[in-house]
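The values are calculated or read from the model by the stated rules, or taken from the named source; none is laboratory data. Every value quoted in this text rests on a predicted model; they were computed, and no experiment measured them. Cβ coordinates were reconstructed from backbone atoms using ideal geometry, including for glycine residues, and neighbour counts include every protein chain displayed.
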Amino acid sequence: MNSFNFFVPTQIRFGTGRRKELKDILPFYGKKCLMVSRPLNGSLKETFEEIISIIRSANIEVSFFDEVIPNPTIDGVEKGVALAVENQVDFVIGIGGGSVLDTAKLIAFLYNENANINWEEAKSKYDDPFAISLKPEAALPFIAVSTTSGTGSQCTQAAVVSDTKNKVTFFHSALFPAVAIVDPELMLSVPSSVTAATGFDAFTHAFESFLGNRVSPITEQMSLQAIKLVVQNLPKAIKDPNNIKVRSNLAWADTLAGMCLANGGADLPHPLGEIIGGICSRIAHGDTLAIVYPAFLKYKEKIAQKKLIKVAEYLGLESDPSSLRNCLVDLFKVTGLNTVLEKAKISNEESKDIMRHPLLINLQPNNSETIVQLMKDSLYK
């Protein structure tokens, strides 16, 4: 057996009702916290009210930053850090999906008493998912409470934010949450479109880490299980959103896939999807992946046949690389992901900006022609 590494320092508390344990967990991290979320009076109002009540029952003073938007920006992180400094908080807690958790991660990670963030230094310093380096001295502990099943942010060392029209991914082991609460009851109210996008995101994390060069005996088995859970349960969640067993299966798939992503890394769809999402910020991350994946799978059928066949066989499909692509075509139809590109209404100017993006050439210089063609095939179907 070849040597391998596997690292996830997050304490994961998984299961229905586990959010109630925050009362016992949070006092270990201090007496003042910043709660990061979408607007408090939005669709998750009842969830936020319950979590706030639990925080206060632990005699913890809570301040709020509830201005997180889909495809969050560096401006949001700066506002959050300023609030954390102003209120002299001891730790940060994020309640939400990937946009919220990534924003909260960076607020905690880049916290400093001057509320001054050197973004250029951070971009150059924290750009390697597997580097080992010291965390910033002033960084605060971070607690994650996920409300969607797909981003995996509750158990990865990554955080993504937008800088103008570019998405930037930061990596550091200190971006792993100290504690992650994965409570499927918090996911029962997630709309079908978000369920589809985030569920497919979980699939891609597992699938791409399985295809990569850093796959290990641990991540291989976890990836295959996560892939199967998504394929089997995502259509059920669309049809029966209040089915707690199905929601639990998707939450577990998301958690498995997040740990695989943290240790195995992503493949081409993620940076390509981030190019699309950076220019077209209205398009959810999972939807950008759905735009890219049909062309990506055709490409992989030529160069990774054995791995694709292994996934297909694990799913009980024919031992043929194309059977997996056909399986995803069916999944897209059931979940509505097959209409993402049409609904996105990407303009001609946006398409030109995407095709001119320097990352298409710089991502893999020796493979740039293939990558450019892959993006072209994704946009111009």
| said: With closer than 22 Å to Ala196 by Cα and either in a helix (DSSP H, G or I) or in the same structural domain as Thr219 (by TED's automatic domain parsing) (or both) as the only criterion, which of Leu374, Leu360, Leu331, Leu308 stands out? | reply: Leu331
| said: Take Thr288 and tell me if it is closer than 30 Å to Gln373 by Cβ, in a helix (DSSP H, G or I), modelled with pLDDT of 95 or more and not hydrophobic (A, V, I, L, M, F, W, C). | reply: yes
| task | From the list Asp90, Asp75, pick out the single residue that is within 24 Å of Ala284 (Cβ to Cβ), surrounded by fewer than 24 Cβ atoms within 10 Å (Cβ to Cβ) and at pLDDT 95 or above. | result | Asp75
| field | Some residue of segment 274-294 being surrounded by 19 or more Cβ atoms within 10 Å (Cβ to Cβ) and of a type in the set (Lys, Arg) | value | no
| query | Any residue in segment 212-220 that is touching a Cys at 6+ places or on another chain (Cβ under 6 Å) and surrounded by 19 or more Cβ atoms within 10 Å (Cβ to Cβ)? | reply | yes
| Long-range neighbours under 8 Å by Cβ, at least six apart or interchain, first residue at positive phi within segment 11-27, second β-branched (Val, Ile, Thr) and buried (at least 18 other Cβ atoms within 10 Å of the Cβ) | Gly15/Val182
| said: I'm told Ile346 meets every condition in (1) part of a loop (DSSP other than H, G, I, E, B); (2) free of Cβ contacts under 8 Å to residues at least 40 places away in the same chain; (3) not basic (Lys, Arg) except one. Can you identify the failing condition by its number? | reply: (2)
| Are there any helices (runs of 4 or more DSSP H) wholly within segment 190-270 with 1 or more residues that are free of Cβ contacts under 8 Å to residues at least 24 places away in the same chain and within 18 Å of the chain's Cα centre (by Cα), and if so which? | 244-264
| query | Since Arg13 meets every condition but one in (1) touching a helix residue (DSSP H, G or I) at 6+ places or on another chain (Cβ under 7 Å); (2) of a type in the set (D, E, K, R); (3) farther than 30 Å from Glu220 by Cα, which condition does it not meet? | reply | (3)
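Determine whether segment 93-109 contains at least one residue that is outside the structural domain of Ala196 (by TED's automatic domain parsing), in a helix (DSSP H, G or I) and surrounded by fewer than 19 Cβ atoms within 10 Å (Cβ to Cβ). Give the steps one after another, and end with the answer.
Step one: filter segment 93-109 for residues outside the structural domain of Ala196 (by TED's automatic domain parsing), giving 93-109.
Still in the list and also in a helix (DSSP H, G or I): 98-109.
With surrounded by fewer than 19 Cβ atoms within 10 Å (Cβ to Cβ) added as a condition, the list becomes none.
No, the conditions are met nowhere in segment 93-109.
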| Quick one: in segment 353-381, which of the residues that are within 17 Å of Lys298 (Cα to Cα) and under 23 Å from the mean Cα position of the chain (by Cα) is surrounded by the fewest Cβ atoms within 10 Å (Cβ to Cβ)? | Leu379
| Restricting to segment 52-70, what's the tally of residues that are in contact (Cβ under 8 Å) with a residue 24 or more places away in the chain, under 21 Å from Thr103 (Cα atoms) and surrounded by fewer than 21 Cβ atoms within 10 Å (Cβ to Cβ)? | 9
